[in-house]
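Notes follow once the structure below has been shown.
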Amino acid sequence: MTIFDSLTAPTTDSSIRATVIGYAQAAKLRVTNFRVGSAAQQILETIVTSVYSFVQIVPVLVRGFGSLDTATDPGDVDVYDPNNAGLPPSSGYLSNYGRNHHGVARNPATFATGYVTLSNTGAGALVRTFFPESLVFTWTGGSPPNPAPTYTNTADPSVYTNSDGSVTLAVGATLTLPVSCQTLGSVGSAPSGTLSLTTTLTGATATNALAISGNDREDAEVYRGRCRQAAARLSFAGPSDAFAYFAAKKQDGSSVINGAGNAVTINRVQVSQSSSTGNVAGYYASPSGPALAADVTAANLNIEQSAYVVPDAITFSGVAATATPISVAGTVRLKARAGVTSGAVIAGILAALDSYFATLPIGGLDQDSGGNGSVFTSDIEGVARSGFPGIYDARVTTPSASTSALSVGHVATHVPAGWAVTFT
Amino acid sequence: MAINAQADYGLDIACWDDADELFTEAVGLAVVKQDAYHRLTTENVLGPQGTDWGYDCRTLLGAPSEHVKVMGPILTEVLTRDDRVLTADVTIDVTPNPTGLDLVTISVLCQTAQGPFEFTVSVNAFSEETLSNQR
């Protein structure tokens, strides 16, 4: 353990208790009735509790201000503080560190936004006058999350043109309304044609012609990576980190916004390392796989025109990475415990694998000079083992080989192919 | 940390509602007696295994008298959580008070390996005294 370790790791109350008792005994403590609740024991515990509360301040501050790796925001996974992940996401040490040291802002979660078309054409339709936030739409088509997200119509002066801020919809007319999800994050991202009108308006129906999208907060590790790339934005030589940085962030550290008005969801970029012809290729991926077309357009625009990353001698082409689906199946073994079901275990494994594949570099690991790498089956086994507490053995049967090749510009996507759970 | 054998109740700081300025000591049966008193005046204590340690009898104030009167067996169970207390007889008296809360008095007689001890808790007075001491 280094000095830095001792400053970042919180001291346990049991170690403080042992220290305090040691001091008391060294001072010839006469009390022998050390039972739970006894007078002297409670005085001692008062000291332990006070010291414990006080000494937590130092490691929290050291972690928060000491390094990009140890700083976290509320809601992030924190290896030193298990409670942190359960806190409501908000700006904290990590956001401040990244902003102050690297000039990079962390993308907040956003409410999914988009448009619905309201048709007042059904039987019994009446002339309708309504205000923003007066209608409710629900994601009912396809496979909505549970509970299904709901959406409301949001204010837009170009739509709500009546003098009192309302809009009137004639019988037989249709109207395109901007809507916003009432739940924060990507959970509100609905495919096209899946929303319907919940508010009862006889003769009126609604649906979304285009997808509605919202973002989760920028992943902590992705944000740390962007912070590390940020120094490259000052270079005039077009380093690969500059391309990677400007695919998602502007010169001022804020997010690149796509044509739909949302922050781009690109979380991985692969840039070709060398070229004898002056051609540089960039590949973009989002947590779910290849980057959205709108994000690719926005990233290229930022790289080539807004930030002028590309030197005149270079020809840059940025495209969405190509998905390489990897089917994963296997078996796990764990001790039977009350309340633990196969379904819960498999759900944990799938969530861990989704999270792993969402951050696996484009081109895979252990890349050659051409950017071609691999996905290691042993890594997948390790991720599966960590997917649920108590798993002591995990075997991946698919893929059967020790590695799966991943070519340059290809991003691995997870395809669940079945897990068998054995309770022992 | 030593846990004293039942026959040797050890030494502690004398503390009924509070310790005195000289931190006078309590020895033997007096230690068990003050711990029993604290069992009836404190629900949780600090430290490991401190949750649901005792029962704060101030919660009886204002409760219906028929409810308070049948709390004896529960308080007996609380007192005998201390393995030094072999038996505990608890008597609860509720005196109607037309101008305020009923007056609740708890009388305790405990047996230990080193003899009996008894004490009485006037819950109404205890509440007032303790609150004033804690200012």
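FYI, it's all coordinate maths here, none of it is from the lab. In this text the structure is predicted, and so the values were computed from the model without any measurement. With ideal geometry, Cβ positions are generated from the backbone for all residues, glycine too; neighbour counts draw on all protein chains shown.
Tabulated results
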item	result
Table column - 3J(HN,Hα) (Hz), the range A:5-19, Karplus curve with 6.51, -1.76, 1.60, x for Gly and Pro	4, 5, 8, 8, 7, x, 7, 7, 5, 5, 6, 5, 4, 5, 5
Where labels lie 7 Å past Cα in the beta-carbon direction, separation of A:Q25 and B:Q114 in nm	2.3 nm
Computed [θ] at 222 nm, helices only, for chain A once each DSSP H run of length n ≥ 4 contributes -39500 (n - 2.57)	-8000 deg cm²/dmol
Extension reserve of the A:A313-A:T341 stretch, reckoned as 0.36 nm per residue once the Cα distance is removed	4.1 nm
Per residue convex hull volume, Cα atoms of chain B, in Å³	116 Å³
Convex hull (Cα only) mean projected area of chain A, reported in nm² to one decimal	30.5 nm²
Pairs of Cα atoms farther than 25 Å apart, the range A:220-320, %	10 percent
Dipole of the range A:112-262 [Lys/Arg +1, Asp/Glu -1 at C-beta], most positive-end residue of A:S255, A:A155, A:T168	A:S255
Cleavage-rule hits (trypsin sites (Lys or Arg not before Pro)) in the range A:6-112: DSSP loop, at most 15 neighbouring Cβ within 10 angstrom	A:K28, A:R30
Once the Cα gyration tensor of the range A:111-207 is diagonalised, semi-axes √(5λ) in Å	23, 16, 10
Once exposed loop chymotrypsin sites (Phe, Trp or Tyr not before Pro) are cut out (DSSP; at most 16 other Cβ, 10 Å), longest piece of chain A	A:81-235
Interchain or long-range residues, amide H under 5 Å from A:D219's placed H	none
At R0 = 41 Å, FRET efficiency that the Cβ-Cβ distance of B:T87 and A:T359 yields, to 0.05	0.05
Between helix A:93-102 and chain A: long-axis angle, C-alpha atoms, 0 to 90°, nearest 10	70 degrees
Mean separation of Cα contacts under 8 Å, 6 or more apart, over the residue count of chain A: relative contact order %	12 percent
Charge dipole magnitude, Cβ of K and R +1, D and E -1 - the protein assembly as shown, Cα centre, debye nearest 20	1580 debye
